[in-house]
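The values are calculated or read from the model by the stated rules, or taken from the named source; none is laboratory data. Computed from a predicted structure; not experimentally measured. Note: ideal-geometry Cβ built from the backbone for every residue, glycine included; neighbour counts use all protein chains shown. In case anyone asks, the SASA skips ligands and DNA or RNA and just uses the protein heavy atoms, side chains included. Shrake-Rupley method; radii C 1.70, N 1.55, O 1.52, S 1.80 Å.
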Amino acid sequence: MSLDPVETNPDHYKVVFENDRVRVLEYIDQPGDATTPHEHPDSVMHTLSTFRRRLSSDGRYRDVAIPAGTTGWLPAQQHHGQNIGDTPTHVLFVELKDGGPGAEAAPSLGPA
């Protein structure tokens, strides 16, 4: 069984960009919405809305309140969550993939 959030929770997660180095996911939910168990690799998270949610894993839970405009590191993890606030959640996740540019990679200048 896949724990890819795009497969386990397609109503909430969608891929907005992907290449060989990263995958960018957009997550949107409404108050009261919950996700099924899924996992994230090491990622950078950027919040586009202020929200409160409960994250649960292995019988433990943690309530978080995060303001819009927050950018932070999300270490690899498996969890499920629920929007416990009264505002929608809107987040971008930049998931890191293994590997880096090869020695033969041409120098970049600006966005690809």
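Observations on the structure shown:
- Label of the coordinate-derived value, P(r) over Cα pairs in 10 Å bins from 0, in percent, listed as [x] 15, 44, 33, 8, 0; [y] 13, 45, 28, 10, 4, 0; [z] 14, 50, 33, 3: [y]
- Computed over the chain: relative contact order in percent, which uses C-alpha pairs under 8 Å that are six or more apart: 33 percent
- Residues whose amide H falls under 5 Å from that of Ser49, counting only those 5 or more places apart or on a different chain, are Gly69, His90, with hydrogens built in the peptide plane.
- Applying both filters, DSSP loop and at most 16 other Cβ atoms within 10 Å, to the trypsin sites (Lys or Arg not before Pro) of the stretch 1-65 gives Arg21.
- Point-charge dipole on Cβ atoms (K/R +1, D/E -1) for the chain, about Cα centre, debye to 20: 360 debye
- Taken per residue, the accessible surface of the stretch 52-100 reaches 63 Å², heavy atoms only and a 1.4 Å probe.
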